[in-house]
1. Looking at (1) modelled with pLDDT of 95 or more; (2) small (G, A, S); (3) crowded, with 16+ Cβ neighbours inside 10 Å; (4) touching a Lys or Arg at 6+ places or on another chain (Cβ under 9 Å), which one does S429 not meet, given that it meets all the others?
2. Please work out which one of (1) under 21 Å from the mean Cα position of the chain (by Cα); (2) within 28 Å of I272 (Cβ to Cβ); (3) not in a helix (DSSP H, G or I) is the condition V503 fails and give its number.
3. Under the condition of being touching a residue at least 60 places away in the same chain (Cβ under 8 Å) and more than 17 Å from the chain's Cα centre (by Cα), which residue from segment 401-437 is nearest to S88 (Cα to Cα)?
4. I'd like to know if segment 129-149 contains one or more residues that are modelled with pLDDT of 95 or more, at positive phi and within 21 Å of the chain's Cα centre (by Cα).
5. Kindly provide the set of residues from segment 212-228 that are part of a helix (DSSP H, G or I) and either open to solvent by less than 30 Å² (accessible area, probe 1.4 Å) or touching a strand residue (DSSP E or B) at 6+ places or on another chain (Cβ under 8 Å) (or both), ordered by number.
6. Among the numbered criteria (1) farther than 23 Å from G490 by Cβ; (2) in contact with a helix residue (DSSP H, G or I) (Cβ under 7 Å, 6 or more places away or on another chain); (3) surrounded by 14 or more Cβ atoms within 10 Å (Cβ to Cβ), which one does A337 miss?
7. Out of L295, L249, I need the residue that is crowded, with 23+ Cβ neighbours inside 10 Å, over 19 Å from D221 (Cβ atoms) and either aliphatic (A, V, I, L, M) or touching a Cys at 6+ places or on another chain (Cβ under 9 Å) (or both). Which one?
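The values are calculated or read from the model by the stated rules, or taken from the named source; none is laboratory data. Fair warning: this is a prediction, and the values are worked out from it, not measured in the lab. With ideal geometry, Cβ positions are generated from the backbone for all residues, glycine too; neighbour counts draw on all protein chains shown. Areas reflect the complete protein model, heavy atoms only, side chains present, ligands, DNA and RNA absent. Shrake-Rupley method; radii C 1.70, N 1.55, O 1.52, S 1.80 Å.
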Amino acid sequence: MLNRSTRIALRSNKNIVSRSSILNSLNKSNLIYQQSRLISSSEPIKAQVQPEVSSGSASFHKAPRIIHQGQSDKPTVAILGSGWGAISFLQHVDSTKYNVVLISPRNYFLFTPLLPSCPVGTVDEKSIMEPVVSFANKKKGDVTYYEAEATDINPNDKTVTIKSFSNINSISPDSVNVGLQANEVAQIKYDYLITAVGAEPNTFGIPGVEEHGCFLKEIPDSKKIRHKFIEAVEKANLLPKDDPERKRLLTLVVVGGGPTGVETAGELQDYIDQDLKTFMPNIVDEIQIVLIEALPVVLNMFETKLTSYAEKVLRETNIDLKTKTAVGKVESEYLIAKTKKDDGSIEETKIPYGVLVWATGNKPRSLITNLFKKIPEQNQANRGLIVNENLLVNGTNNIFAIGDNAFAKLPPTAQVAHQEAEYLSKVFSKISRIPNFHENLKSSTKPDVLFEENGIKPFKYIHLGSLAYLGAEKAIANITYGSRSFYSGGGIFTFFVWRVLYVSMILSFRSRFKVIADWTKIAFFGRDAFKEL
C-alpha cells in the first residue's frame, strides 16, 4: 500500500476445538466448551489472541476473544477515537516505546472547523478527510488500527470491547493476523487507555429534535442537510407563490448561536445569494434563514464589540436572528419557540420550517456514561470524565481522557484537544525513560503524587484565540497567546486571516492543497451543491 507496507490482516487462524462429552444425567446438564489455538513457533508473534472458556447449560455461546497486542516487553497504549485528540496524540507519541493500538469506526480524521462549509459545496467533504492509516504509516515502531466500534471499557480487566469490526491495519512488517472475523466481538487488552471519542449532539431532552432535526457533527450530516435543503427548494418551486406550504419549505431554521450555527447560517446565505440565484432566480428572494440562540448574544466567547459586529452582519445578509429564544418542541413541519422579552414576559411563537439544523451543544457518548458507573470517583460526572491536572481520569491510574469526552473545565474546542494530546504524548515519552515508573504507577494509590515526584508538570492550556465566519466574505477573529492579544477585528480582511489560519491548522499537506483548490474553484466556477452528491 505504502512504503511501510501496511498489511491488512483478516485471515483466520486455525483452531483446534475440543468438546467434552455431554453428561447423561438430567441433573447435570452443563455443557463445557473449550477452544484452543495453535500458533507456529517459527512465526514472529506481534499479537496474541486468548479465547475464553465459555460454559452454560443451554448454549454453545463463546465469550469474546481477548487480544494482547504487540510485544510483551512494551506497554500497550490503546487510543479510542479518530478525531483531534486521538490523531494528535498518535502523531506525537513515541511509538517505539509503546505498542500503540487505535480503535475507531471512522477510518478518517475530519477537519471539523470547515464542516459548516460542506453542505453548500464551499469545501468538498473529501477535502477535509484524511485516512487514519496516513498518520499511522508515518510512525515508527508498532501501530495497529482496528476499524471497529468500542462499546465497553472494563477498567478492572483493562480491556476494551469492540464490535462491528471490519478491518485491521498494522505498520509493523512482521505483524501477524490476530484471526478476527468481520463483525466479530473481541476484547483488546491495554496497559494505558486514552479516551478521545469526542461527544454527540445534545438535544436537551426537547421532544422531536432527534426525529426531525439535522445535526452537523459528521460527513453524513453534511450530506443530509444538502439533500433536504435542495429537495425543499425543488418542492417549493412547484407551488404557487401564495401557498403557505411554499413559504414553509423555503424557511431554514438553524438552532444554536455558537461558531457552528453561525457559520452554517452564513454559508447557506452565501449559497443562496451567490449561486442559487443563477439556477432559480425566481425563488431566492423568498428563502429565509432563521438563526435561533437562547442567550442574549451569538458567539458569546468573543468580546462585546465583535459579537455586536457579528449580529450586524448577520442581519444585513437577510438572516432573521432571534436571540433570547429557546426551542420548546419540534414537530415535523414547525417548532415552538419561547422568546424572553425585555420586560421579563415570555412570548411563544410557532415557526414553520423546511429544514432544521440543530447545533446547540454536546453530551457524552454512551461509552463514556457507562464508564461513569464503573468508577466510584466518576459517579457524579455528567459532562465528561473528570480528570486531574495530568489528564488522568480520577479514580484510575492508567486511563487518560482528552478532548470533548473529558471534563477539565475547558471549552470543547479543537485547539483544547490538540494541546491536551501534545501534552500527554510528552508525558508518555517522559515516563518511558523513568526506571520502574510503569510498575510503580500500577500499584500507586496516589498517582498524582507519583507524577509530581517524577517532575511531570500539570497540563496548562494556552488559549490561541477564536475565529468565526459570518457570511458575505466577512469574519471575526480574536488572536491571542494566553493573556496576550495580537489581533481583534472583523470584516473582509479578517475573512482572509480566517482562511489562512484554518489552512495552517489542517494536519496534512494533502488536505491543505485540496481545501485551497476548492476555494479557488468556487471563485471561478461557483459552488457544487447537487442534491445527490
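1. Of everything listed in (1) modelled with pLDDT of 95 or more; (2) small (G, A, S); (3) crowded, with 16+ Cβ neighbours inside 10 Å; (4) touching a Lys or Arg at 6+ places or on another chain (Cβ under 9 Å), S429 misses just condition (3).
2. Exception for V503: condition (3).
3. The extreme case among them is E422.
4. Checking segment 129-149: not a single residue is modelled with pLDDT of 95 or more, at positive phi and within 21 Å of the chain's Cα centre (by Cα).
5. Those that are part of a helix (DSSP H, G or I) and either open to solvent by less than 30 Å² (accessible area, probe 1.4 Å) or touching a strand residue (DSSP E or B) at 6+ places or on another chain (Cβ under 8 Å) (or both): H212, I219, D221, S222, K224, I225, R226, K228.
6. The number of the failed condition is (2).
7. Unique residue meeting the criteria: L249.
Residue by residue, here is whether (1) open to solvent by 10 Å² or more (accessible area, probe 1.4 Å); (2) among the hydrophobic types (A, V, I, L, M, F, W, C); (3) within 20 Å of S117 (Cβ to Cβ) holds:
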| residue | (1), (2), (3) |
| --- | --- |
| L268 | no, yes, yes |
| D275 | yes, no, yes |
| N282 | yes, no, no |
| N300 | yes, no, no |
| Y309 | yes, no, no |
